[in-house]
Amino acid sequence: MRACFVDAGGALADVMDRLVLPSDMAVTVNRNPDIKPDGLPAVLAGHDIAIIDHTALPVEIARQIPTLRHVVFLGTGARSYMDPEALEAECGVRVHLIKGYGDTAVAEMAFALMWAAAKGLAFMDRGIRAGRWDRTDGVELTGKTVGLIGYGGIGAEMARLCHGAGMRVIAWNRTPRDAPGVEFVELDALLAGSDVVSLHLLLGDETRGFLSAERIARMKRGAIFVNTARGAIADEAALARAAESGAIRHLGLDVYAEEPLPAGHFLSRVENATLAAHSAFRTPEASDNLIEASLEHLRRIAREAGA
């Protein structure tokens with residue numbers, strides 16, 4: 001069996017080269033991170049497994065790769081790039097996800113965005129670089145309530161960090177959960193009672209557009225909103241309007257419905273917003289965890305195939 005990492009940037013390519021073992025199946029590393037879907041059939045010719053970081057794999061493209069039987073997606077957000085059920089049903093291609101590799105890294109980004117939002121750091125930084133002295137009044141987060149929408153591994157790490165900062169933690173999850181020091185509440189109660197709302201849901205059919213304009217309107221006036229999950233889970237236009245009107249104090253965003261964020265996008269014009277480039281999971285520690293987990297998938301697939 002042969003695998004191909006189809007869209008490895010320099011850093012992840014180096015990690016793959018360092019962690020792959022001589023006993024592992026052959027892994028071709030394509031160091032062009034900007035490959036387009038129509039280039040995948042040529043890159044994946046003769047390969048059984050595609051390792052994909054951020055490249056779309058439409059069903060019509062997968063049909064052109066007869067040897068392809070597995071996709072190892074580097075993360076949990078495969079639905080942003082492909083339709084796993086259709087790939088399996090129509091092409092016999094099974095999609096494998098990687099969970100937990102960057103829980104701490106993503107939670108630390110959410111935590112950082114929360115504090116940057118509370119203090120207005122991005123607004124002041126932009127002003128100083130432009131020759132102005134735009135000083136803001138920050139807000140203290142100690143003793144405030146943070147509401148976590150979704151309580152998986154990342155949400156649990158965010159709760160740990162917020163507890164350490166002296167914050168009260170409440171949460172809502174789609175399935176019943178229990179965690180020490182965390183009060184689980186109904187979603188409307190969370191939105192109305194949180195000084196900070198931090199989004200930690202997976203993107204899927206049930207969560208696309210989940211944080212609608214109606215739900216955003218139920219947030220406590222002056223709350224901070226943080227999203228390190230997926231942009232398509234929230235109504236971005238409604239978030240922008242709420243921030244510009246003052247209903248939301250500040251947006252802290254690392255993810256967007258369209259990435260990269262197009263030049264001139266309305267979110268880039270929101271003054272009380274701190275924007276990051278979907279980089280929460282990009283730490284050396286998380287990258288090692290991610291690539292090692294992908295290699296474990298390859299090893300398991302090989303064992304199951306008797307290869």
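Table for the structure above
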{"item": "Cβ-based charge dipole, the chain, positive-most Cα from Leu187, Asn173, Ala302", "result": "Leu187"}
{"item": "Estimated dipole of region 103-275 in Debye, rounded to 20 [Cβ of Lys and Arg +1, of Asp and Glu -1, Cα centre]", "result": "460 debye"}
{"item": "Longest segment of the chain lacking GluC sites (Glu not before Pro) that sit in a DSSP loop with at most 11 other Cβ atoms within 10 Å", "result": "1-139"}
{"item": "Cα-based reach from Lys220 at 24 Å (exclusive), listing lysines while leaving out same-chain residues under 8 positions away", "result": "Lys119, Lys144"}
{"item": "Rounded if a/c under 1.5, otherwise prolate or oblate - region 80-183, Cα gyration tensor axes", "result": "oblate"}
{"item": "The chain: DSSP helices with Cα axial extent of at least 20 Å and average Kyte-Doolittle hydropathy no lower than -0.5", "result": "103-119"}
{"item": "Pairwise label distance in nanometres, Arg177 with Phe266, each label 7 Å out on the Cα-Cβ vector", "result": "3.0 nm"}
{"item": "Part-to-part distance (alpha-carbon centres) for region 136-157 and region 260-277, which is given in Å", "result": "22 Å"}
{"item": "Estimated 222 nm signal from helices in the chain, with DSSP H stretches of n ≥ 4 weighted -39500 (n - 2.57), rounded to 500", "result": "-10500 deg cm²/dmol"}
{"item": "Anisotropy class of region 4-135 from Cα gyration tensor, a/c 1.5 cut", "result": "prolate"}
{"item": "Computed magnitude of the charge dipole of the chain (debye, nearest 20; Cβ of K, R +1, Cβ of D, E -1)", "result": "520 debye"}
{"item": "Rounded, prolate or oblate (a/c below 1.5 giving rounded, otherwise prolate when a/b exceeds b/c) for region 128-187 by Cα gyration tensor", "result": "prolate"}
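Computed from the coordinates by the stated procedures, all read-outs in this text should not be read as laboratory data. Computed from a predicted model, the values in this text were never measured in an experiment. Ideal geometry is used to build each Cβ from the backbone, glycine not excepted, and the neighbour counts take in all protein chains shown.
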